[in-house]
């Protein structure tokens, strides 16, 4: 079924186009004046200038693994982020913490944890699904690399971005 | 039998609807058949009912009796029901005439919420690291009957964790909800009474009896029936979360029993095998030996491409060239100079093609290699070839194995100049290196590289049981179907395709394009298989021969047991 859209019937002043042109120029002039008076700033000289300090708290940059105050990598390799990840960017190889270890009670840790940043869409579902508060979207946004392999963040890189996070729930301490 | 059970039918009202069930049916089963699943932890249909988890509480009532001791009928002409004020467990109650059940009344729901809260008091809630997560009954029922928050502020009881209960089973006592399924399984099915509870109250702990370990060949079944993550498989531990696994219906090919299984795979890697219920074969169980016997499919020794001996060494090549070389190697010989060593691990389709290949080459020396081991009277068969019955049916295997002896003698005497081994290692059946070096042509089709492959003139890599389709007849004469769970590695090809192509290069087109074609050809020629197709075999198999020698699958359904007991106690 086709819908016929009627063209508007223009009056003679509209057909001249001049009133529209002038009103447009008035707006442009207004902006020009504001700029001359320094009231608006239009261009930021990226990458010399960056907006980083103004990023809001909810900004979603690169996902990263965090450690807690006791220097424990919080991830227990439950693989829920791997499951939820819409572009399937996450790959985890779980491992077992040896019995003598300080954190042997946790039993499980990620032996390998790779996030393919070419695939990552910064949706933040991994952070949302994580039952351990181990993965967070940080404010890093300029993820670059010369090869595909470079664009895969491995566990070391993820911990480097993530750093230590304070004030999280200490779920695995001795007192349950 | 149907007539007899017809006489024993009783009327039961389940959630307001009157239904008929055979006498002796467990109430919990009756409710499930009526479409309302009653949550349970301790009850397992193949084990006895201790009634200790209290999760299957239901509201129950008996018919209201009038002064004349006759049930008083309601306006609908059905008996009125006197509801009991307190809930009853449905797993240890049998159906009886005029019984009324409510499985989802407010009282029942409240009871279940209470039971769940108690069960979760000492449960660690470490689902993120628990292998059972995703198939955990406690998780499932706490979605329905759990509380959002805990009212328990005291410290949880500490119990042993990460206990090695046996060589293949790891126990986490904090997760245990004391359902005793594993204890009953060990006692009743595995006949190896090693597990028990110690201590009392909230300190009750599951453990092995002093000086004993859970190391029988059926120990991993306790992991399957454990409703929570207390018992976990040491082999599967932390390997993969269950929600990633694709489960393919298959069966175990480690012995002639052919226990039905589910193969759990992810991205062409096999992570585990679990038993699948089939009362005609394995009930709900399988042995540890068969269950863990899949690692070889992922071994480093897998043959990945066809090899042909050129300039004194085995060189990788492509399939066209490999098959051409095999044909040109076999051409100079006539039928009596060739012997075929088939295998009892081959599927019927492969055996059929092997027989046809032998026919087209004029070979009469063809036999399978017997493979035996200790059996038990539970599931494990002493015949470790999964398809001895099929090989006999298709006349590939000699009844007494005398053709195998003839093959050995014929190689020794120099009569046989070319040996084709199909998935067997001649070194393991008395054909030593001195005989193999003497053979001008030795062609092998196999999965793994072994000592014998180095003597081969051509090596054709084939597929394992989880990588191909096909049918196999187990020791009891039941035809079962293999489904493909993973793709084969490298250039390895389906066995039947290799043999089809060999036949094609030897004798021209043969009209076989799919494995269904092979089965069709076979079923047209073999009366036992007539009328069947691969898809008609179904998931539970078809009985095609009657060679029942081994004992029945253990753990008959509770209803059957109870009915048999009834008949014994009240002969009519």
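The values are calculated or read from the model by the stated rules, or taken from the named source; none is laboratory data. What you see is a predicted model, and the numbers here were worked out from it, not measured in a lab. Neighbour counts are summed over all protein chains in view; Cβ atoms, including those assigned to glycine, are modelled from backbone coordinates with ideal geometry.
Annotations for the structure displayed:
- Remark: residue A:82 matches the filter, which requires a residue to be within 11 Å of chain B (Cβ to nearest Cβ) and at pLDDT 95 or above.
- Residue B:261 being in a strand (DSSP E or B) and surrounded by fewer than 21 Cβ atoms within 10 Å (Cβ to Cβ): no
- When B:217, B:221 are checked against the criterion of being surrounded by fewer than 24 Cβ atoms within 10 Å (Cβ to Cβ) and more than 14 Å from chain A (Cβ to nearest Cβ), a single residue qualifies: B:217.
- Check on residue A:89, modelled with pLDDT of 95 or more, more than 12 Å from chain B (Cβ to nearest Cβ) and more than 23 Å from residue B:123 (Cβ to Cβ): yes
- Condition check for residue B:107 on (1) in contact with a strand residue (DSSP E or B) (Cβ under 6 Å, 6 or more places away or on another chain); (2) within 28 Å of residue B:142 (Cα to Cα); (3) crowded, with 17+ Cβ neighbours inside 10 Å: one failure, at (3).
- Total residues in segment B:137-170, condition within 13 Å of chain A (Cβ to nearest Cβ) and under 31 Å from the mean Cα position of the chain (by Cα): 6
- Only one entry in A:139, A:156, A:105 is assigned to a helix (DSSP H, G or I), touching a residue at least 40 places away in the same chain (Cβ under 8 Å) and surrounded by fewer than 20 Cβ atoms within 10 Å (Cβ to Cβ), namely A:105.
- Counted residues, segment B:211-236 - those being more than 12 Å from residue B:130 (Cβ to Cβ) and in a strand (DSSP E or B): 1
- Residues located in segment B:171-186, provided they are touching a residue at least 60 places away in the same chain (Cβ under 8 Å) and within 14 Å of chain A (Cβ to nearest Cβ): B:171, B:172
- When B:33, B:13 are checked against the criterion of being under 22 Å from residue B:284 (Cα atoms) and outside the structural domain of residue B:197 (by TED's automatic domain parsing), a single residue qualifies: B:33.
- Filtered residues of segment A:114-133 (kept if within 14 Å of chain B (Cβ to nearest Cβ), surrounded by 17 or more Cβ atoms within 10 Å (Cβ to Cβ) and not in a loop (DSSP other than H, G, I, E, B)): A:126
- For residue A:13, the conditions (1) in contact with a helix residue (DSSP H, G or I) (Cβ under 7 Å, 6 or more places away or on another chain); (2) assigned to a loop (DSSP other than H, G, I, E, B) all hold with the exception of (2).
- If you filter segment B:267-276 down to residues that are touching a strand residue (DSSP E or B) at 6+ places or on another chain (Cβ under 7 Å) and either surrounded by fewer than 19 Cβ atoms within 10 Å (Cβ to Cβ) or within 16 Å of residue B:224 (Cβ to Cβ) (or both), you find that the one that is nearest to the other protein chains (Cβ to nearest Cβ) is B:271.
- Matching residues, segment B:384-405, being in contact with a strand residue (DSSP E or B) (Cβ under 6 Å, 6 or more places away or on another chain), part of a helix (DSSP H, G or I) and under 29 Å from residue B:440 (Cβ atoms): B:391, B:403, B:404
- Condition check for residue B:106: in contact with a helix residue (DSSP H, G or I) (Cβ under 6 Å, 6 or more places away or on another chain) and at pLDDT 90 or above: no
- Search result, residues across segment B:114-136 that are away from every other protein chain (no Cβ under 12 Å), crowded, with 19+ Cβ neighbours inside 10 Å and within 26 Å of residue B:247 (Cα to Cα): B:132, B:136
- Looking only at residues in segment B:238-266 that are within 21 Å of residue B:380 (Cβ to Cβ) and free of Cβ contacts under 8 Å to residues at least 40 places away in the same chain, the one that is nearest to the other protein chains (Cβ to nearest Cβ) is B:262.
- Taking (1) under 30 Å from residue B:481 (Cβ atoms); (2) surrounded by fewer than 24 Cβ atoms within 10 Å (Cβ to Cβ) in turn, residue B:353 satisfies each apart from (2).
- Among the residues of segment A:45-78, the ones that are within 11 Å of chain B (Cβ to nearest Cβ) and touching a helix residue (DSSP H, G or I) at 6+ places or on another chain (Cβ under 7 Å) come to 2 in all.
- For segment B:181-202, the criterion of being surrounded by fewer than 19 Cβ atoms within 10 Å (Cβ to Cβ), over 32 Å from the mean Cα position of the chain (by Cα) and in a helix (DSSP H, G or I) is satisfied by at least one residue.
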